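Comments concern the structure below.
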Amino acid sequence: MSDYNFAYLDEQTKRMIRRAILKGLAIPGYQVPFASREMPMPYGWGTGGVQLSAAVMTGDDIFKVIDQGADDTTNAVSIRRFFERTAGVATTQATREATVIQTRHRIPEAALSEDQILVYQVPIPEPLRFLEPSEVETRKMHALEDYGLMHVKLYEDISAHGAISTAYAYPVRVEGRYVMDPSPIPKFDNPKLSMAAIQLFGAGREQRIYALPPYTDVVSLDFEDHPFEASKADHPCALCGASDSYLDELIVDDAGTRMFMCSDTDYCGTRRAKGHVGTAPTPPRQEETT
Amino acid sequence: MTPDEVRPLLKVEGLSKSYGGRVGCAAVSFDLYPGEVMGIVGESGSGKSTLLNCLAGHLPPDAGAVMFDTRADGMRDTVTMSEPERRMLGRTDWAFVHQHARDGLRMNVSAGGNVGERLMAVGARHYGDIRGQAIDWLGRVEIAADRIDDRPHQFSGGMQQRLQIARNLVTGPRLVFMDEPTGGLDVSVQARLLDLMRGLVREMGLSAVIVTHDLAVVRLLAHRLMVMKDGYVVETGLTDQVLDDPQHAYTQLLVSSVLQV
């Protein structure tokens, strides 16, 4: 423990990040530039999220990390161990017990409460990036609320596929002002963005922090005749039988047999512990070995 | 037509722009009335494009005023107007047709998306309506409706230019800026494009400022003509008058330089 300052980052850096967080909370959806630090992990592995977690974490916090909803994937395990070692905080896999939850590409199924903080890892914070390559121009577009281009993208989706085919990183408008990239969460999770917990978004490589205060009004962009739809695979979970959760599709044998199961492992495990069963009562082998 | 009866749509007063010590355009003043087409001719480097970009708000002029008769508040100086207001004008009452279609189009967006962008930028949120208007406008510029989902790079040069015109006119602007709209097209395509533009200008009652070095284009389209040389306006007048009886030495040179076929 004495080898590191608490939670790895030095106190000056944490103050700098906290200032960016406060600014982000004051202007919901606005991308605040910050001096992103080198972290002991490659860009793209959650350097933005880790810096946010380090800046908000106290010794009393209980920390949870999920990657695509799962607590036991490489990225989640290594970030959890990182803070166990550098901050000595308690960790958990239970969504309800955690006070700080760092996530990659999912929002937990269980509703979060006001005393929780949800930290997102963001690869590309700029929702207009693939339409307008110039950062100077996109910042101007945000400043002037010049968002016609965002709908051109959705128009192109419908004209090519008959429906809005954007399935993740689905753009939202925050409090009727900023258009925001909610990070690559499935659009199934978009309605949950208006929630009780504080949500912080960190992009380490792109050096941007943005935030949603509790109960912020977040609207997914759409057309009147092609309204937004929070879609998921049309199956119940094979393990716990839940029909209201976002599902992973797994191919379980060489014949291509498919299996659908909750992507949120804590949600699925909690349900199974309560006695809910799906069509395939035993988890597949990959899970048994972990 | 006197100024008492009809207000000018665009009133330019003493517009100047220099690049360091070099003059872009200097002390340009003119009035443009509703439904009128003004041609600006001159050789390369005479300040035509600088002037047009200053008028359209793409370049900030050093001095002068560009007064536009806005729908809401009457005459407003667009130079001192705030950037959001100017951008709003740029996608509602104004249109800008670039010489190279690829400057004015989004090449990786379908033709329908290109035409629909301005509609969506001013708040259209009904896919069916946007598509309907896009098809209507493609028809007006003689592009087949089944090309609506093709990208502009699959179009010929003339079609790209017509698509650019459709994209600009879809919101029913009152003033169109055109920078060499027929440049780089072969003559038969030029002729059809000119024919189309003449029809649209008359049908929609558009006012236009057309910059070109092609005297045949202004002869066909423009009511009035301004001749520029080294950043200054050297001669103005009715198009036929200027072309048939040029007064300034440079205009005489320009008119006599046209190849007679």
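Each value in this text was obtained by applying a stated rule to the coordinates, not by laboratory testing. Please read these numbers as outputs of a predicted model, since none were measured by experiment. Counting neighbours? That spans all protein chains shown, and the Cβs are built from the backbone with ideal geometry, glycine included.
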Check your understanding: Rg/Rh for the stretch A:193-280: what does it come to with C-alpha atoms and Rh from Kirkwood?
Key -> 1.09
Exercise for review: Tabulate in residue order the Karplus-calculated ³J(HN,Hα) for the stretch B:132-139, using 6.51 cos²θ - 1.76 cosθ + 1.60 with θ = phi - 60°, rounded to whole Hz; enter x for Gly and Pro.
Suggested key: x, 5, 5, 5, 4, 6, 4, x
Practice item. Let me know the mean shielding of A:145-153 by other chains, meaning the per-residue number of their Cβ atoms within 10 Å of its Cβ. Key: 6
Review point. What is the ratio of the Cα radius of gyration of the stretch A:25-66 to 2.2 N^0.38 Å, where N is its residue count, to two decimals?
Key: 1.34
Check your understanding: What number, in percent, do you get for the relative contact order of the stretch B:1-110 if the mean sequence gap of Cα pairs under 8 Å and at least 6 apart is divided by its residue count?
Key -> 23
Point to revise | Surrounding net charge for B:Gly47, when Lys and Arg each add one and Asp and Glu each subtract one, Cβ distance under 9 Å | key: +2
Practice item. Just need log10 I(q)/I(0) for the protein assembly as shown at q = 0.10, 0.12 Å⁻¹, Debye formula, equal scatterers on the alpha-carbon atoms, no solvent, rounded to two decimals. Key: -0.89, -1.09
Practice item. Mind running the shape call on the stretch A:35-96? Use the C-alpha gyration tensor, a ≥ b ≥ c as the square roots of the eigenvalues: rounded below 1.5 for a/c, prolate if a/b tops b/c, oblate otherwise. Key: oblate
Check your understanding: Using a Gaussian network model of chain A with C-alpha springs under 10 Å, which one of A:Gly269, A:Gly48, A:Gly148 is most mobile by mean-square fluctuation?
Key -> A:Gly148
Review point. Amide H of A:Ala90: which non-local residues (sequence gap of 5 or more, or other chain) have their own amide H closer than 5 Å, using H built in the peptide plane?
Key: A:Phe63
Revision key, fill the gap. Row for the stretch A:127-198, column shape: gyration tensor on C-alpha, a ≥ b ≥ c, rounded if a/c < 1.5 i.e. under 1.5, prolate if a/b over b/c, else oblate; value oblate
Check your understanding: What are the ³J(HN,Hα) values, in whole Hz, obtained from phi via the Karplus relation 6.51 cos²θ - 1.76 cosθ + 1.60 with θ = phi - 60°, for each residue of the stretch A:148-156 in sequence order, with x given for Gly and Pro?
Key -> x, 4, 4, 6, 4, 4, 5, 4, 4
Review point. Excluding B:Val209 itself, what net charge comes from residues whose Cβ is under 11 Å from its Cβ, given Lys and Arg +1 and Asp and Glu -1?
Key: 0
Exercise for review: Select from the stretch A:219-276 those trypsin sites (Lys or Arg not before Pro) which occupy a DSSP coil region and have at most 13 other Cβ atoms within 10 Å, ordered by residue number.
Suggested key: A:Lys274
Practice item. Between B:Met75 and B:Val23, with labels modelled 7 Å along Cα→Cβ, what's the label distance in nm to one decimal, could you check? Key: 2.6
Revision key, fill the gap. Treating only Lys and Arg (+1) and Asp and Glu (-1) as charged, each at its beta carbon, one finds that the stretch A:59-120 has a dipole about its Cα centre, in Debye to the nearest 20, of 260
Review point. Which translational diffusion coefficient, to the nearest whole µm²/s, is obtained for chain A from the Stokes-Einstein equation, given a Kirkwood hydrodynamic radius over C-alpha pairs, 4 °C and 1.567 mPa s?
Key: 65
Check your understanding: What are the residues whose amide H is under 5 Å from the amide H of A:Ser220, where those residues sit 5 or more places off or on another chain and H is modelled from the backbone?
Key -> A:Arg173
**Study point:** Distant-in-sequence amide H partners of B:Ile40 (H built 1.01 Å from N, under 5 Å)
**Key:** B:Ile210, B:Val211, B:Thr212, B:Met226
**Study point:** ³J(HN,Hα) computed for each position of the stretch B:173-184 - Karplus, 6.51 cos²θ - 1.76 cosθ + 1.60, integer Hz, glycine/proline x
**Key:** x, 9, 9, 10, 9, 10, 10, 6, x, 10, x, x
Check your understanding: How big is D for the stretch B:7-49, in µm² s⁻¹ as a whole number, if Stokes-Einstein is applied with the Kirkwood radius of its Cα pairs at 37 °C and 0.692 mPa s?
Key -> 279
Exercise for review: Take chain B, connect every pair of alpha-carbon atoms lying under 10 Å apart with a spring to form a Gaussian network, then pick out the residue of B:Asp62, B:Asp77, B:Asp245 with the largest mean-square fluctuation.
Suggested key: B:Asp245
